[in-house]
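The values are calculated or read from the model by the stated rules, or taken from the named source; none is laboratory data. All values derive from a computational prediction rather than experimental measurement. Using ideal geometry, Cβ is built from the backbone for each residue, glycine included, and neighbour counts are taken over all protein chains shown.
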Amino acid sequence: MKEYVLLFRHQDGQAVVSPEQIQAWMQQTMDWIGTIAAQNKFVSGTGLPFADAKVVHHNKMVTNGPFGEIKETLGGFIIVKADSVEEAVEFAKGCPVLQGEGNTVEVRQIAKKDGVH
Amino acid sequence: MAQQEIIPHLFRTEFRKITAVLCSYFGAGAEGLSIAEDIAGETFLSALENWPYKGVPEQPVAWLYTVAKNKAINYLRRHKHFHLRIAPQLKNGDAAEEMDIDWSAENIKDSQLRMLFAVCHPALSMESQISLALRVLCGFGIDEIASALLSNKETISKRLQRAKEKLRHDAFHTDFHETAVVTQRLEAVLTTLYLLFNEGYYSESNDMVLREDLCFEAMRLTQLLLDNAVTNVPNVNALFALMCFHASRFEARKKDNGALILYHEQDDRLWNRELIQTGVQYLLQAAQGTTLSAYHLEASIAYWFTVKTNNTEKWKTVLYLYNLLLQVQYSPVSSLNRVYALAMVEGPAAGIAAAEQLRLEQNPYYFSLLGTLYQSFNIEKAKRYFDKAIVLAKTKGDKEVLQRKREQLK
C-alpha cells in the first residue's frame, strides 16, 4: 500500500462566501473524508489558513502572500493510502474543492522511506 | 473517523450573534461593522480548516467564540489607530490583550436588539435596510440576499457598502431607557420587519425554502422585540400575530413545482393550527392598551381568513375592519379588498358599483376584482376584465395566477 497526498489548489482563495455556504462545504468535506476513512484509507490532513501566509524568495526576501503574484493558492491537503495512483485519483474526484471553477486537486505519491521507489 | 453532523444553519446563526456582539465593542459604523463581519467570516473559515480533519469540537459554539475573540484581539493589536479610536467603547481597560468578550445569552440578545435598531435607521432607504438586515441580522450571504430579493450580487454588494457608510459609529448605542427615542424608532423597525416578511411571503422567487426563511427571520427578529420589556408593546404583538396567521398557510399553499396554491383552493386541513393559536394569543396581548395600529387591523383581518366559514357575519366584520384600516392607512390593495368584503355582504351588484368608483385603472387587481364580481351577470365581460388584468400584471407569476382565475370563471 502506497501513500498519496491530495493537494487542494484554489483559484481564488479569498472569495467572500456566506456562512451557509461554508457550512455546506464543511459538511461535504467531512462526508468526503468520512467515506475514505470508512475504508481505512485516511491517514491525515489539514486546512492551510491564508492569514499570515508568507513566501520566502531565493534572495531570502519575504513577501506576504502567495496572493497577487500567483493566482493559485494551496488551501489544504489530505494523505490517503491507496494501492495505485488510479485509486488515489478516484478519492480526489470526490473532493468538494473541485466544485469551484478553476480549482484542482493534485495527486502526488509520497516517497517511501526505503528509498527504492 | 466517524462522520459528524453539524446543526443546520449553525454558522448562519452564529454569524449574526458574533457580528452583533463584536459591534457592541467596535461600534456599528461602516468600519466597526465590516471588521465584525470579517472576523465572523474568518472564524468559520478557521473551522473549515480544522473540523473536517480533527473532528467537530465537543463544544462547537464555544470553539467559535474563542476563535472570534482571538481574531478580535489580533485585529486590535495590529491596528493601533482603530484601537485608540474605539478604546473608550471597550469595556475592559485599554489593552487589547485584556479584552474580554461577553458571550452570555443576555448580551447576545441585547446586542442583536441594538443591531436591529441601528440597521432600521431612517437615514437608510427601505431596500438598504432590508438588505443590511438580511446580512448582519440574519447572516445571509450576498448570493442569498440577491436571490431572495431577485437582484444580482453586484447591486447588493454596492447597496450594502453604501448603507454601511451611512451608519453612524454610535448607531449601536440606542438608549433603551429613553422610552420616547425607542417608541419613535420602533415604528421604523416594525416597518422593516413587516416588509421583510412580505418580501418572503409575496416574493416572485421560486426558491420556496429561501422565501420561508425570510418570513421566519422576520418573525425571529420580531420575537427579539417581544422579549424586551421596553419594546414589548401592543403594535409589536399585533405584527407578530399577523405574521403567525400568514405563516400558518405555508404548507397549504405549496405545490410540488414551487408554484403557489391559491387561498380558495387550499386544503385547510394543512393550515398550521398551532401557529393560528399562537397568533390569537398575541392578538389578545395586542388588544391591551389604547393603540389601534394598522398591524392590529391587518392581523384581525388575517385572523378571519383563518376561519373558513363564509357567512355574512364574518364578511360584515371583515368589511368593518377594512373600513377602519383605510382610515388608519390607505392603500389601493386594501380598498379593493374592502370592495370584495362589501360584495360578500351586500351582493355583487353593490360590489360592482363600489368598485367602479375606485377607478384604479392601472391596477391589475382592480380588473380582476371586477372580473370576479361580473361573473354572475355577464361571463364574457368578466373574461374581458381578466384579460385586462393579465396585461397589466407586472410579473410572470401574477399573470399565471390571473390566468388560472380566468379559466375558473363560471
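Structure data summary
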{"read-out": "Hits in segment B:360-397 (condition: part of a helix (DSSP H, G or I), in contact (Cβ under 8 Å) with a residue 40 or more places away in the chain and not charged (D, E, K, R))", "value": "B:397"}
{"read-out": "Restricting segment B:119-153 to residues that are more than 19 Å from residue B:30 (Cβ to Cβ) and not in a loop (DSSP other than H, G, I, E, B), the residue that is farthest from the other protein chains (Cβ to nearest Cβ)", "value": "B:126"}
{"read-out": "Members of segment A:38-66 found to be within 14 Å of chain B (Cβ to nearest Cβ), over 18 Å from the mean Cα position of the chain (by Cα) and part of a strand (DSSP E or B), listed by number", "value": "A:64"}
{"read-out": "Some residue of segment B:343-359 being at pLDDT 90 or above and not in a helix (DSSP H, G or I)", "value": "yes"}
{"read-out": "Matching option when the condition is more than 8 Å from chain B (Cβ to nearest Cβ), more than 13 Å from the chain's Cα centre (by Cα), acidic (Asp, Glu) and more than 17 Å from residue B:50 (Cα to Cα), among A:72, A:86", "value": "A:86"}
{"read-out": "Test: residue B:64 is of a type outside the set (Asp, Glu) and either in contact with a His (Cβ under 6 Å, 6 or more places away or on another chain) or within 11 Å of another protein chain (Cβ to nearest Cβ) (or both)", "value": "yes"}
{"read-out": "Residues that are surrounded by fewer than 14 Cβ atoms within 10 Å (Cβ to Cβ) and either under 22 Å from residue B:204 (Cβ atoms) or in contact (Cβ under 8 Å) with a residue 40 or more places away in the chain (or both), drawn from segment B:162-182", "value": "B:165, B:170, B:177, B:179"}
{"read-out": "Checklist (1) buried (at least 18 other Cβ atoms within 10 Å of the Cβ); (2) under 19 Å from residue B:16 (Cα atoms); (3) out of contact with any Asp or Glu (no Cβ under 7 Å at 6 or more places or on another chain) applied to residue B:223, failing item", "value": "(1)"}
{"read-out": "Flag if residue A:33 is surrounded by fewer than 18 Cβ atoms within 10 Å (Cβ to Cβ) and within 17 Å of the chain's Cα centre (by Cα)", "value": "no"}
{"read-out": "Test: residue in segment B:288-299 that is in contact with a Lys or Arg (Cβ under 9 Å, 6 or more places away or on another chain), part of a helix (DSSP H, G or I) and under 20 Å from residue B:193 (Cα atoms)", "value": "no"}
